[in-house]
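Accompanying notes for the structure given below.
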Amino acid sequence: MRRVLIATSNRGKLRDFAGAAAGHGIEIGGIPNFSSLPTVVEDGTTFEENARKKAEEYSSYVPGEMVVADDSGLEVDALHGDPGVHSARYAAPDLHGVEPHEADTNTDDEANNARVLRELKNVAWEKRTSRFVCVLAAARDGKTLATFRGTAEGIILDAARGKNGFGYDPLFYFPFIGKTFAELSAEEKARYSHRGAAFRKFLDWCDGGGTADSSQRSG
């Protein structure tokens with residue numbers, strides 16, 4: 001069985017990746033002692049820049065292993081694409097008095113969701129369109145091998161629904177199946193989510209041989 005290490009300590013992400021990898025003969029694991037490694041500064045202006053940076057830096061700690069890192073977030077049309085690459089730190093102005101790009105740490109999910117809800121308070125339902133975006137980068141020994149992009153289109157609710165997700169999942173309503181992402185099982189999440197879409201492209205690439213070619217990208 002092939003092994004792929006995911007550069008995250010987020011159990012929700014690990015669960016999502018493991019669900020998508022089932023049936024492909026790929027074992028998903030975390031990087032050993034990940035929490036003790038120096039934190040990669042996510043200062044890129046795009047999801048791809050951040051994903052590549054994380055994959056390259058973290059893969060240097062596990063020679064010979066394939067490491068996958070992702071950068072993902074929520075883009076809300078009424079907020080001109082925010083929170084975007086700052087999704088994990090969106091509540092920094094509320095909690096720390098600094099802008100998200102100046103924050104040293106992520107802000108908690110509840111606070112991030114609260115800021116989005118506050119900013120959309122008077123926005124009509126039909127204008128609450130949004131999308132989750134995920135870019136995965138696969139790297140080995142400090143070199144990016146390929147990147148993969150996945151999206152999911154939805155609408156932001158005015159209150160949280162569901163207990164299974166993390167991040168903005170409880171607010172993100174997916175009309176195709178009439179549920180929020182926090183109401184999905186792990187299998188459903190793998191099938192419908194932005195992260196699942198990007199990871200399926202990665203799995204197809206792996207099934208095809210996974211050549212070390214940085215031009216292998218999926219839009």
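The values are calculated or read from the model by the stated rules, or taken from the named source; none is laboratory data. The structure displayed is predicted, hence computed values, not measured ones. Cβ coordinates were reconstructed from backbone atoms using ideal geometry, including for glycine residues, and neighbour counts include every protein chain displayed.
Taking the condition of a type outside the set (Lys, Arg), more than 30 Å from ARG118 (Cβ to Cβ) and part of a helix (DSSP H, G or I), does ALA182 pass?
Numbers: of a type outside the set (Lys, Arg): yes; more than 30 Å from ARG118 (Cβ to Cβ): no; part of a helix (DSSP H, G or I): yes.
Taking the combined requirement at face value, the residue does not satisfy it.
Does VAL62 satisfy being more than 20 Å from PRO83 (Cα to Cα) and surrounded by fewer than 20 Cβ atoms within 10 Å (Cβ to Cβ)?
yes
Return the total of residues in region 1-30 being among the hydrophobic types (A, V, I, L, M, F, W, C), surrounded by 20 or more Cβ atoms within 10 Å (Cβ to Cβ) and not in a strand (DSSP E or B).
So the count comes out to 4.
Can you tell me which residue in region 78-108 is farthest from the chain's Cα centre (by Cα), limited to those that are of a type in the set (Asp, Glu) and surrounded by fewer than 15 Cβ atoms within 10 Å (Cβ to Cβ)? So that I can check it myself, show each step before the final result.
Within region 78-108, the first condition is being of a type in the set (Asp, Glu), and the residues that meet it are 82, 94, 99, 102, 104, 108.
With surrounded by fewer than 15 Cβ atoms within 10 Å (Cβ to Cβ) added as a condition, the list becomes 94, 99, 102, 104, 108.
Working: ASP94: 23, GLU99: 21, GLU102: 20, ASP104: 19, ASP108: 15 Å.
Only one residue tops the list, namely ASP94.
Residues are listed down the side, and each one gets a yes or a no for (1) assigned to a helix (DSSP H, G or I); (2) more than 19 Å from ILE28 (Cα to Cα):
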residue: GLU126; (1), (2): yes, yes
residue: ARG131; (1), (2): no, yes
residue: ALA139; (1), (2): no, no
residue: PRO170; (1), (2): yes, yes
residue: ILE177; (1), (2): no, yes
residue: GLU187; (1), (2): yes, no
residue: ALA197; (1), (2): yes, no
residue: LEU203; (1), (2): yes, no
residue: GLY210; (1), (2): no, no
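Test GLU75 against the criterion of being within 15 Å of the chain's Cα centre (by Cα), under 19 Å from THR147 (Cβ atoms) and free of Cβ contacts under 8 Å to residues at least 40 places away in the same chain, and give yes or no.
It is false that GLU75 is within 15 Å of the chain's Cα centre (by Cα), under 19 Å from THR147 (Cβ atoms) and free of Cβ contacts under 8 Å to residues at least 40 places away in the same chain.
Quick check on this structure: which one of LYS127, LYS53 is modelled with pLDDT of 95 or more, among the basic types (Lys, Arg) and closer than 20 Å to SER35 by Cβ? Can you show your working first?
Values: LYS127 fails: closer than 20 Å to SER35 by Cβ.
Just a single option satisfies the conditions, and that option is LYS53.
Tell me the residue from GLY165, GLY209 that is closer than 19 Å to SER130 by Cβ, modelled with pLDDT under 90 and of a type in the set (Gly, Ala, Ser), please. Steps first, answer last, please.
Values: GLY209 fails: closer than 19 Å to SER130 by Cβ.
Criteria check complete, one pass: GLY165.
Pairs, please: C-beta under 7 Å, at least 6 apart or cross-chain, first residue under 16 Å from VAL67 (Cβ atoms) and in region 22-49, second among the aromatic types (Phe, Trp, Tyr) and at pLDDT below 90?
Filtered contacts from region 22-49: ILE28/PHE17.
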